[in-house]
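In what follows, a structure is listed as structure tokens, so that the remarks can point back to it.
The values are calculated or read from the model by the stated rules, or taken from the named source; none is laboratory data. Note that the coordinates shown come from a computational prediction; the quantities given were computed from them, not determined experimentally. Neighbour counts run over all protein chains shown; Cβ positions are idealised from the backbone, glycine included. Areas reflect the complete protein model, heavy atoms only, side chains present, ligands, DNA and RNA absent. Shrake-Rupley method; radii C 1.70, N 1.55, O 1.52, S 1.80 Å.
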Amino acid sequence: MLPAKQRERPSKTAALYLHIPFCAKRCNYCDFYTVAEQEKHIPAYLDALVQEIEIYGKSELWVEQSFSTIYFGGGTPSLLAPDQVERILSTLRNNFHFTQNPEITFEVNPGTTAEKKLQDYADTGINRLSIGVQSFRADELKKLDRLHSVEEAENTVARARKAGIQNLSIDLMFALSGQKPSNWRYSLERAIAMKPEHISAYNLTIENGTPLHQAVKAGIVKPVSELRQRIFYSHTIEYLERHGYKHYEVSNYALPNFESRHNSKYWDGSLYLGLGASAHSFDGDRRFWNVKSFSQYIKNLQDGDLPIIGEENLSPTEKQFEMILLGLRQSRGVSIDDFENRFAIDFREKFQPQLKKLLSQKPPLAKLTNGSLTLTREGWLLCDAVCAEFA
Ligand code: SF4
């Protein structure tokens, strides 16, 4: 056993997430907590959100944190009017401490944002937009049940630039049923032509309970084979890296210094406070989450209660696994020094069988470089299986 050199609780800045569950329409693949055609409830929901912020604003733990990121996710946050966003941000500023120049990200769906609206968002202090483009092909957008057109996606990016947003992320999806590699390449080309600072490229997963899952079960949609998914993924990494985007996490690519600061907080074990229906929080030892119903969320807060519906305390073994999992999902890998300092465990000794298997496989799936365990290109393609070795 090595001596423990630091406290269990990370002493980093914290992250703040706000969930806005409303969407104009539900997409067939979506597994997030969202509700369609319920926009009339947005004002009551925001009242509840303000109430929740004010309750946590009296919590010693969260008041003593210094937050460096705010993220409005959904759902479709861009259904909110700029004055509603301003209200939330000013309530946050009145209740919590923020570092200078926090990263404030706002998810935007193309087709929900006129030029003036984006300008007004920027005026509230939002300095990063994550735009849910998904594809630059009309047939694929239709397949995904998306409401926006290719033209609206391109206009949204152009308007965001005009509004002075200098940190843009574009979301794309690959491995759609029947998608040709050349069509995926086309979306990547169109994306980088717009010079976003960040690209999230997700492998479409077919989640249980979604309409897409039903369609696959009924034989209406043919799923993409795992081998083919890996080919798409490999091309994505190679193509984006060749164009200057660093592959810094499984699905995320950034120009230098434009990694998502907010998501990096989740991955480096920082504390995060999630507000809104279904949002998750982590206080260093305990994860807890809110009720997955916007009406129950509103009711709880109207009654003066926090809408927490579940919690779990992580055992030391779970914390170790989580640190390895989150580390391996990033290009910087798992720092063995950090792991040993945190858990007072000899990493190489404890995980000797796993290391032997991963490092000696031909080709190897992981490597030890500068004191960190990182994935090789082959390891990235089998990331989930590699992580499972440490479970
Ligand atoms: S717009 Fe986004 S959050 Fe809303 S249903 Fe579609 S994928 Fe889900």
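Worth a mention:
- Residue check: Leu306 meets all listed conditions (1) under 25 Å from Glu64 (Cα atoms); (2) loosely packed, with under 15 Cβ neighbours inside 10 Å; (3) in contact (Cβ under 8 Å) with a residue 60 or more places away in the chain but one, namely (2).
- Inclusion of Glu60 among residues that are in contact with a His (Cβ under 9 Å, 6 or more places away or on another chain) and of a type in the set (Asp, Glu) is not warranted.
- Scope segment 222-242; condition surrounded by 16 or more Cβ atoms within 10 Å (Cβ to Cβ) and either free of Cβ contacts under 8 Å to residues at least 12 places away in the same chain or outside any helix (DSSP H, G or I) (or both); matching residues: Pro223, Val224
- Total residues in segment 27-43 satisfying the condition of being under 19 Å from the mean Cα position of the chain (by Cα) and either of a type in the set (Lys, Arg) or open to solvent by 40 Å² or more (accessible area, probe 1.4 Å) (or both): the figure is 2.
- Residue count for segment 69-83 satisfying the condition of being part of a strand (DSSP E or B) and either open to solvent by 10 Å² or more (accessible area, probe 1.4 Å) or under 27 Å from Lys40 (Cβ atoms) (or both): 5.
This table checks each residue for (1) in a helix (DSSP H, G or I); (2) assigned by TED's automatic domain parsing to the domain that holds Arg190; (3) in contact with a strand residue (DSSP E or B) (Cβ under 8 Å, 6 or more places away or on another chain).
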{"residue": "Tyr253", "(1), (2), (3)": "no, yes, yes"}
{"residue": "Asn263", "(1), (2), (3)": "yes, yes, yes"}
{"residue": "Ser295", "(1), (2), (3)": "yes, no, no"}
{"residue": "Asp305", "(1), (2), (3)": "no, no, no"}
{"residue": "Ile324", "(1), (2), (3)": "yes, no, yes"}
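- Tallying residues that are in contact with a helix residue (DSSP H, G or I) (Cβ under 7 Å, 6 or more places away or on another chain) and in a helix (DSSP H, G or I) within segment 186-217 yields 1.
- Residue within segment 171-193 that is open to solvent by less than 50 Å² (accessible area, probe 1.4 Å) and closer than 12 Å to Ser130 by Cα present: yes
- Glu378 being among the acidic types (Asp, Glu) and farther than 20 Å from Gln320 by Cβ: yes
- Only one of Glu86, Glu107, Glu103 that is away from the ligand (no atom under 16 Å from the Cβ) and either hydroxyl-bearing (Ser, Thr, Tyr) or within 17 Å of Leu168 (Cβ to Cβ) (or both): Glu103
- Some residue of segment 51-67 being open to solvent by 50 Å² or more (accessible area, probe 1.4 Å), under 25 Å from Asn127 (Cα atoms), within 16 Å of the ligand (Cβ to nearest atom) and not polar (S, T, N, Q): no
- Segment 13-46: number of residues that are away from the ligand (no atom under 16 Å from the Cβ) and closer than 19 Å to Lys292 by Cβ: 2
- Among the strands (runs of 3 or more DSSP E) confined to segment 84-178, the ones with at least 2 residues that are hydrophobic (A, V, I, L, M, F, W, C), touching a Ser or Thr at 6+ places or on another chain (Cβ under 9 Å) and more than 30 Å from Tyr56 (Cβ to Cβ) are located at 168-174.
- Sole exception among (1) within 16 Å of the ligand (Cβ to nearest atom); (2) polar (S, T, N, Q); (3) open to solvent by 10 Å² or more (accessible area, probe 1.4 Å) for Ser135, by number: (3)
- Residue within segment 273-281 that is outside any strand (DSSP E or B), surrounded by fewer than 18 Cβ atoms within 10 Å (Cβ to Cβ), touching a residue at least 12 places away in the same chain (Cβ under 8 Å) and not assigned by TED's automatic domain parsing to the domain that holds Gln65 present: no
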